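The values are calculated or read from the model by the stated rules, or taken from the named source; none is laboratory data. Small disclaimer: the values here were computed from a predicted structure and weren't measured. Ideal geometry is used to build each Cβ from the backbone, glycine not excepted, and the neighbour counts take in all protein chains shown.
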Amino acid sequence: MKKTRVLPVLVCCLLAGAWARTQSLPALDAAVPVEGGRNLIPVQGRQANLLPYCPTPSDQGYAASSAAHAIANAMTIRLAFQCRLPGRQQVDQMRFSAAYIYNQVKQGETCDAGAYLTDALELAQRQGVCREATFPGSLYSCSRLPGEAERREAARFRIRSYNAIFRLDAGAEDKINATLSALDWNNPVIAGLVVPPTFPEISPGSYRGQAVTVVGYDEKKEELLLMNSYGPDWGEGGFVRMSFEDYGKLARYAYIISMGRMDCGVFSE
């Protein structure tokens with residue numbers, strides 16, 4: 001059963017300035033293929049589904065940290081897919097830490113401070129991100145910074161690159177096609193949306209930024225499957241289905257990441 005969650009008064013994670021900054025970044029007209037090859041997950045009738053490789057949706061609480069959660073989720077999904085981890089329990093054990101990202105890039109001292117999505121991606125590329133088991137987050141505190149041990153582990157899990165798949169001024173059709181193409185290549189899509197406080201219900205009113213991870217689509221139903229960071233009691237187990245039409249209206253920009261080659265044996269440590 002779907003549950004609606006009211007967003008905090010302040011912008012959750014994607015500052016308006018972040019959207020303007022993306023205009024200066026190189027954007028691609030189509031998704032970039034990464035290691036693994038196209039359609040290794042069977043696709044029938046233009047469908048894609050990365051749900052088997054998703055961790056349990058985390059809860060950002062009152063922190064404005066959805067950008068960090070979307071990136072940590074995308075990293076987890078990519079490596080779970082590359083390493084063919086056999087189930088959600090195993091995926092949860094190796095999931096990456098959103099707190100490691102957010103606590104270092106938030107734009108203020110308090111947990112309601114937003115974060116630039118590009119800052120978070122650059123940190124994941126420069127430093128890497130450690131696992132959540134190593135640096136767990138808190139619903140009530142975001143002031144703790146990683147120590148040397150956490151930073152050493154993070155260095156083992158750097159993203160190789162990130163690429164924008166559509167521009168801020170892209171049309172709805174271009175946004176949808178770029179997102180479907182990325183998912184065809186088994187790439188989770190880190191998308192910056194603007195949503196109302198009643199999200200997932202789309203209604204008139206003031207809109208705020210929220211980052212999500214797009215993990216599947218059904219072209220026949222014209223729906224995308226989005227993973228949010230409001231915990232498993234929100235939406236459909238922490239996920240929501242969004243129509244192509246709504247996505248075309250609400251998505252502002254989106255990225256895919258490449259993790260590069262990874263020794264999957266690290267996840268048995």
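Scan Gln104, Gln60 and give me the residue that is over 22 Å from Val240 (Cβ atoms) and either at pLDDT below 95 or over 16 Å from the mean Cα position of the chain (by Cα) (or both).
Working: Gln60 fails: over 22 Å from Val240 (Cβ atoms).
Gln104 is the lone residue from the list that is over 22 Å from Val240 (Cβ atoms) and either at pLDDT below 95 or over 16 Å from the mean Cα position of the chain (by Cα) (or both).
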Right, Lys249: farther than 27 Å from Gly114 by Cα and modelled with pLDDT under 95 or not? no
Index of the failed condition, Gly205 passing every other in (1) closer than 27 Å to Leu85 by Cβ; (2) at pLDDT below 95; (3) surrounded by fewer than 21 Cβ atoms within 10 Å (Cβ to Cβ): (1)
Check on Ala113, hydrophobic (A, V, I, L, M, F, W, C) and more than 22 Å from Leu226 (Cβ to Cβ): yes
Options Ala191, Ala254, Ala172, Ala164; residue that is in contact (Cβ under 8 Å) with a residue 40 or more places away in the chain and touching a helix residue (DSSP H, G or I) at 6+ places or on another chain (Cβ under 6 Å): Ala172
Inside region 208-224, can you point out the residues that are in contact with a Leu (Cβ under 9 Å, 6 or more places away or on another chain), among the charged types (D, E, K, R) and modelled with pLDDT of 90 or more? Asp218, Glu219
Do the conditions hold for Ala115, that is, is it small (Gly, Ala, Ser), farther than 17 Å from Met75 by Cα and in contact (Cβ under 8 Å) with a residue 60 or more places away in the chain? yes
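Tell me the helices (runs of 4 or more DSSP H) entirely within region 45-140 that contain at least 3 residues that are crowded, with 19+ Cβ neighbours inside 10 Å. Spell out how you get there, then give the answer.
On the way: elements: 66-83, 88-94, 98-105, 117-126.
Those helices (runs of 4 or more DSSP H) span 66-83, 98-105, 117-126.
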